[in-house]
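These notes are about the structure you will find just below.
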Amino acid sequence: MKKFTAVCAAAALVLTLSACGKTTEAPVVEQPEIDTDALASDLNDVADQFGEALSDLDTDTDTDADAADDGVMSYADYAAAALDDEVTVVTYVQAHQSWWDNKITVYCQDQDGAIFLYELACSEEDAAKLTEGVQIKVTGFKSEWAGETEITDATFEFVEGGDLFVAAPKDLTDKLGTDELIDYQNQKVIFTDMTVVSVAFKNDQPGDDIYVTLSKDGAEYSFCLEYYLNGSDQEFYDLVSGLEAGQVVDVEGFLYWYEGANTHITSVTVK
Amino acid sequence: MIKMKRFGKFILSLAAAGLVLSMAGCHGKQAGSDFEMPEAFDESREYEIVFWAKNDTNQTQTQIYEKCVADFEALYPNIHVSMKLYNDYSVIYNDVITNIATDTTPNVCITYPDHIATYMTGDGEIVFLEDLIDDPRYGLAGSELKFDGPSTDEIVPKYLDELMLGDHLMGLPFMRSSEALYINKTYVEAMGYEIPDVPTWDWVWEVSEAALAQNPDGTYAVNGQDVMIPFIYKSTDNMLITMLRQCNAGYSDDMGNILIFNETTGSILKEIASHGRTKAFSTFKISSYPGNFMNAGQCILAVDSTAGATWIGSNAPLSDIHDNKKVEFETVVRPVPQYDPSNIKMISQGPSVCIFNKDDEQEVLASWLFAQFLLTNEVQESYSETEGYVPVTLKAQNDPAYLEYLSLGGSDNDLHYGVKTDCVNMILGNIDNTFITPVFNGSTSLRNAAGQMVENCVKTVRRKGTVDDAYLEQMYTEVSQMYRLGEQRGNVGSRDLGPLPKTSVILLSCIAFAWICMGIYVIKDRFYAKKRR
């Protein structure tokens, strides 16, 4: 009896200690009793419905592949749409910022023009498939924030059998400072023989965006290394951080807009 | 037999007591820390203190932080402060939450009280300060401090109260600000309106709608431009919270009950939506910074933090827009719009400082010394002068040097920029009219939900949708789910952790069973011992 009691007490003590050792467990939700037969039956029903839905999808996808869905706008129609209008476009991913909280910000372009998708609804799994050149169909609302025209509150789907398109950077050096520059908003662009004026870290410390001011023919222009776009590329981050006033560079990037042109740079060549 | 029954009761009572004690010990966690002040600060050791701070994209603030660190390290050469700067409280919040999981929280952190409440629910223990501030040696104005810091009485009592959670002091206030209504006086008066000392919501909506009048060529009459967004509110969560408070309507209570889904909220949202539909009103999230539009003459009424005052006005020292887009106008500062001008209510906001507990009590003491240093006059005054901030200490507020700074308001467009000093004077004159919202685990989510509802309503009507009772009902449900309102309820200091998990019940039953067995053994042993005697 003595041994039995001691063993019981020790066991209880050990169990108690193990239970109390971690006092910050998330609240446990009581699990309802599960009727396994009913569950199996329900699962069969769901599987049947899922199968039907899949076969419906197959038919729909064939139509998508023809890229002639009702409601899909040409780039010209999109450009002409009023702010706050609902828009649907088919376009090609060129790059994207880092995925977060089921949202992703994407730079898109086709042969006719570019579109910026701000905080597109996107699962992490789909985000991994948003590779350069992939074709997507997007539905959202045309919006404008600080001069940047974009699609917000959008959803998307991959175009089954869609082709690939990777835009070549357009040299807009001669458009700098002109009213025409905004016509190329969000496109992949290059500016050549620019002179470095200054480099400044957001928050005055490395680890976030870098603001770069470049000049051409005496006029200064704003550029930005957007941290969520390519801040994780340490070699590139260091290159931009280390630019010195007076250096001559070619810069590539996306012609983003914030109260004026504010290209998000993706490549810098020091001459 | 009777005696045996009494023994049985005794055993059961013992077991029950054990059960109760075990439950009390196992279920629930002290949200704060049990840091105890060491006998003395050990200056023979070296300490590395990590300090996460927030600036307003203002280089002067960065320089002040850097000087503060350098001055502190000069006084305490064995304490090394490593500073990381942010320009967004929500990013600090996310980083702290991430680092709680890896036990790599900073030592000292600039943050919001709502956020501290959430930190307290994790393993990243916050050091409660209610005992520390009164420590005669290392407390506020303590005898062992190497600097002239404020005493407890010299901190604005209201600001200290804002950081009390139950009986605990979660942190120290660092700076205080509020919101202001910035008005383009030139344009408003040109429209034939006089600017009241305390504008009402009715006045603001009327002027906003009037500003949409257009010329025959489609430009706006008030500015002659193609763009006019008469009224922009920067922080829509503050907007709804303030409007509800002014109406004495529900938002939340101290126990964390969610009260925001009420009739007054519906009426307010419908009114906001009606002005969103005409595009007389917009928000930062929909359009951009109100100051940028205002400085370009494209907005005449803007509500923004007083901590953004240096970005607003024709002669603002800071600007995000090109000079060729700026227009000339006179800016005046007023309290945020009110429902009852005789009963002003405006939100109190601004950064606070919290300290995270660490295994090394000496390290925590070093953190506490640095946190106090942030309240010294030089830091308080120089930081408050960078924006429309008010020092949190009476010692700084009443310092002749600070009073001279305020008296020179408007004399230049740099340190004494008039819009900024007007904001400070407006807050100082309304300290008793400021309010805060209850802090609890989930209060950050509720705040976000409040802003989301305003944004949703404005977006919906801009997109030709309708905001009616059915819409609001649906939105309340969606927002509740999105922000999991109600799931995190309860004040951190006394939160209800819900029913015991089954595993705990089994374990506790084992303990009770062990107690019973031990009791039986003891009784049996005594019984045989008596017999042997």
- Go through B:320-331, B:335-346 and give me the packing order, highest mean Cβ count within 10 Å leading. B:335-346, B:320-331
- Query: Where does chain B land at 222 nm, in deg cm²/dmol rounded to the nearest 500, when only DSSP H runs of n ≥ 4 count, each adding -39500 (n - 2.57), divided by all residues?
  - Reply: -13000 deg cm²/dmol
- Query: Can you give the FRET efficiency for A:Asp179 and A:Glu132, using 1/(1 + (r/R0)^6), R0 = 41 Å, r = Cβ-Cβ distance, to the nearest 0.05?
  - Reply: 0.85
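Roughly what % of DSSP beta bridges within chain B run antiparallel, to the nearest 5? Walk me through the intermediate numbers first.
Details: 25 of 45 bridges.
Antiparallel bridges make up about 55 percent of those DSSP assigns within chain B.
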- Set the Förster distance to 41 Å, then compute FRET efficiency between B:Glu66 and B:Asp432 from the Cβ-Cβ distance, nearest 0.05. 0.70
- Which angle between 0 and 90 degrees, to the nearest 10, do you get for helix B:236-246 versus the longest principal axis of chain B when only C-alpha atoms count? 80
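First select every other residue whose beta carbon is under 9 angstrom from the beta carbon of A:Lys202; then total the charges, Lys and Arg +1, Asp and Glu -1.
Details: positive: none; negative: A:Asp204, A:Asp208, A:Asp209.
It works out to a net charge of -3.
Can you tell me how much longer the chain between B:Glu48 and B:Ile520 gets when fully stretched, taken as 0.36 nm per residue apart minus their C-alpha distance, in nm with one decimal? Intermediate results must be reported in sequence, preceding the final value.
On the way: separation 472, 0.36 × 472 = 169.92 nm, distance 5.61 nm.
Extending this stretch completely gives an extra 164.3 nm.
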- Query: What relative contact order, as a whole-number percentage, does region A:170-270 give when Cα pairs under 8 Å and 6 or more residues apart are counted?
  - Reply: 29
- B:Ala74 and B:His322 label points (each 7 Å along its Cα→Cβ direction) are spaced in nm at 4.4
- Query: Using the Cα gyration tensor of region B:107-148, with a ≥ b ≥ c the square roots of its eigenvalues, what is the shape: rounded (a/c below 1.5), prolate (a/b larger than b/c) or oblate (neither)?
  - Reply: prolate
- Message: Along the Cα→Cβ direction, 7 angstrom out, place labels at B:Arg137 and B:Ser151. What is the inter-label distance in nm?
- Response: 2.1
- Message: Distance between the C-alpha centers of region B:370-416 and region B:218-258? Whole Å please.
- Response: 29
- Note on the structure: Counting only protein heavy atoms with a 1.4 Å probe and every protein chain in place, the carbon and sulfur fraction of the accessible surface of chain B in whole percent equals 51
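What percent does the relative contact order of chain B come to when contacts are Cα pairs within less than 8 Å and at least six residues apart? Write down the numbers at each step before the final one.
Values: 903 pairs, mean separation 118.4, N = 533.
Computed over chain B, the figure is 22 percent.
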- Spacing of the two label points (7 Å from each Cα toward its C-beta) at A:Phe236 and A:Asp85, in nm: 3.4
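Using a 10 Å cut-off on Cβ atoms, rank the peptides A:82-89, B:350-357 from the highest mean neighbour count down. Write out the running numbers ahead of the final one.
Numbers: A:82-89: 16.1, B:350-357: 24.9.
Packing proxy ranking, top to bottom: B:350-357, A:82-89.
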- Working from Cα positions, state the angle (0 to 90°, nearest 10) between the long axis of helix B:443-462 and the longest principal axis of chain B. 30
- Can you give the average number of partner chain beta-carbon atoms within 10 Å of each beta-carbon in peptide A:203-216, as a whole number? 3
- Item | Hull shadow area, averaged, region A:170-270 [alpha-carbon convex hull, nm²] | 5.8
- Query: On average, how many beta carbons from a partner chain sit within 10 Å of the beta carbon of a residue in B:512-520?
  - Reply: 4
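Is chain B rounded, prolate or oblate when judged by the Cα gyration tensor, a ≥ b ≥ c being the square roots of its eigenvalues, rounded requiring a/c under 1.5 and prolate requiring a/b larger than b/c? Please list the in-between numbers first.
Working: a/c = 2.97, a/b = 1.61, b/c = 1.84.
Oblate.
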- Message: From Cα pairs below 8 angstrom and at least 6 apart in sequence, can you work out the relative contact order of region A:70-113, rounded to a whole percent?
- Response: 33
- Task: Can you give me the three principal axis dimensions of region B:141-247 from its C-alpha atoms, in Å, biggest first?
- Result: 73, 32, 24
- Note on the structure: For region A:75-158, Rg(Cα) over 2.2 N^0.38 Å is 0.99
- Item | region B:199-303: equivalent-ellipsoid semi-axes (sqrt of 5 x gyration tensor eigenvalues, Cα, Å) | 30, 14, 10
- In degrees rounded to 10, the 0-90 angle between helix B:502-532 Cα long axis and the longest Cα principal axis of chain B is 20
- Got a sec to turn the phi values of region B:359-376 into Karplus ³J(HN,Hα) couplings, 6.51 cos²θ - 1.76 cosθ + 1.60 with θ = phi - 60°, whole Hz, x for Gly and Pro? 5, 8, 5, 5, 5, 5, 5, 4, 5, 4, 4, 5, 4, 5, 4, 5, 9, 5
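Tell me: how much accessible area in total is hidden between B and A, 1.4 Å probe, Å², nearest 100?
Details: alone 24240 and 16230 Å², together 37210 Å².
So the total buried area for this chain pair works out to about 3300 Å².
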- Cα centroid separation, region A:91-160 to region A:225-271 (Å): 21
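Can you give the mean number of other chain Cβ atoms that lie within 10 Å of the Cβ atoms in peptide B:50-62?
So the per-residue partner count for this stretch is 1.
The values are calculated or read from the model by the stated rules, or taken from the named source; none is laboratory data. What you see is a predicted model; the values in this text were computed from it and never measured. Neighbour counts run over all protein chains shown; Cβ positions are idealised from the backbone, glycine included. Keep in mind that these areas ignore ligands, DNA and RNA; they rest on the heavy atoms of the full protein, side chains included. Shrake-Rupley method; radii C 1.70, N 1.55, O 1.52, S 1.80 Å.
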